[in-house]
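Encoded as structure tokens, the structure appears first; notes follow it.
Bear in mind that the values in this text are calculations on the coordinates, not laboratory data. The structure displayed is predicted, hence computed values, not measured ones. As a convention, Cβ positions derive from the backbone with ideal geometry for all residues, glycine included, and neighbour counts pool all protein chains shown.
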Amino acid sequence: MTELLTEPDPLTIDGVTLGSRLIMGTGGAPSLAGLGAALLASGTELTTVAMRRYSTPEQGAPGGTNLFELLLEHNIRVLPNTAGCFTAREAVMTAELAREALETDWVKLEVIADEHTLLPDAVELVEATEQLVNKGFKVFAYTNDDPVLALRLEQLGAVAVMPLGAPIGTGLGILNPHNIELIVSRASIPVVLDAGIGTASDAALAMELGCDAVLLATAVTRAQDPVRMAQAFKHAVIGGRLAAQGGRIPKRRHALASSAMDGRPDL
Amino acid sequence: MTTLKLNGAAHPFNPGTTVADLVTAVTGRTLLATGQAADGGRLGVAVARNADIVPRSQWAHSRIEENDDVEIVTAVQGG
């Protein structure tokens with residue numbers, strides 16, 4: 001594959017430098033081998049995992065039991081999540097199990113309100129963030145696209161805020177770009193657009209809006225060709241980042257000729 | 001027969017069984033006294049007993065008691 005002709009543009013979270021601004025999730029991949037290939041193609045250096053009961057492969061583990069080793073092999077940093085937790089109590093317990101199992105104090109804090117919307121429960125999220133920060137965790141807070149809540153989470157000590165583009169798994173893209181822009185403009189910690197990404201242009205838009213990184217899973221793992229889609233996202237994130245830095249032209253209501261009208265020949 | 005609850009299912013155990021013994025039984029990996037895997041790899045496992053975390057360093061000393069509720073968890077695909 002052609003090398004990308006860009007300067008290194010690392011993302012720093014909690015003092016750790018990541019070479020890629022694409023954070024991957026691992027949910028929804030039909031096989032561990034296929035997942036590994038997609039993760040490599042994405043160029044990601046940080047990837048989420050869920051914490052579940054240990055079950056041997058013969059028992060039909062939901063995600064296989066070798067995922068941790070797969071990530072270690074590929075030098076991908078692991079970001080345990082608290083997916084499936086409905087209360088602060090469950091989320092804190094899950095984070096503690098993850099810290100013990102995976103030897104990291106990083107946690108993607110996800111406290112959802114119900115299984116139908118999978119939307120974050122703001123009250124429990126705030127409570128869990130406070131508790132986890134007090135226990136020394138580095139909290140990546142998965143949150144609604146609410147600028148007020150995002151700022152609250154930062155004030156409570158989160159190391160990154162991760163507003164959703166749209167509900168988890170919907171692929172609806174970024175439903176409220178204005179709010180994402182507002183969150184970015186007020187945040188002094190990294191903003192990671194998380195959830196709702198459907199295709200490459202959604203990820204590019206997130207970066208153009210000023211997000212520091214994008215987190216996605218389903219858009220790759222359930223794509224018809226996950227490796228190709230992972231490559232698409234790798235490029236889209238870089239493209240969007242460059243566009244944000246490049247400074248887009250203002251939108252105008254009427255056309256503006258790019259060729260001068262002076263000096264036209266008489267025809 | 002004395003039983004405990006292991007990952008949600010009733011499970012018989014012999015007196016003197018430790019948390020470390022359960023982890024070895026479930027994962028098939030031999031453990032050092034520190035709770036690290038003897039094969040030098042990363043185990044990637046955590047244990048909660050009756051909703052309290054049992055730190056890795058305590059596994060070899062923590063004896064299972066009747067009706068203990070033990071959860072052994074690891075990283076799986078998600079998020």
Practice item. From other protein chains only, count the Cβ atoms within 10 Å of every residue's Cβ in A:99-107, then give the mean. Key: 4
Exercise for review: In whole angstrom, note down how far apart the Cα centers of segment A:19-39 and segment A:200-251 are.
Suggested key: 16
Check your understanding: From a point 7 Å beyond the Cα of B:THR34 in the direction of its Cβ, which residues of segment B:60-75 have a backbone N at a distance under 15 Å?
Key -> B:60
Practice item. For A:LYS251, go through the lysines and keep the ones whose alpha-carbon is under 30 Å away, minus same-chain ones fewer than eight residues off. Key: A:LYS234
Exercise for review: For A:LEU151 and A:ASP266, compute 0.36 nm times the residue count separating them, minus their Cα-Cα distance, and round to one decimal in nm.
Suggested key: 35.3 nm
Check your understanding: Normalised by the number of residues in segment B:2-74, what is the relative contact order in percent for Cα pairs under 8 Å and 6+ residues apart?
Key -> 42
Revision key, fill the gap. Per residue of B:65-74, other chain Cβ atoms within 10 Å number on average 4
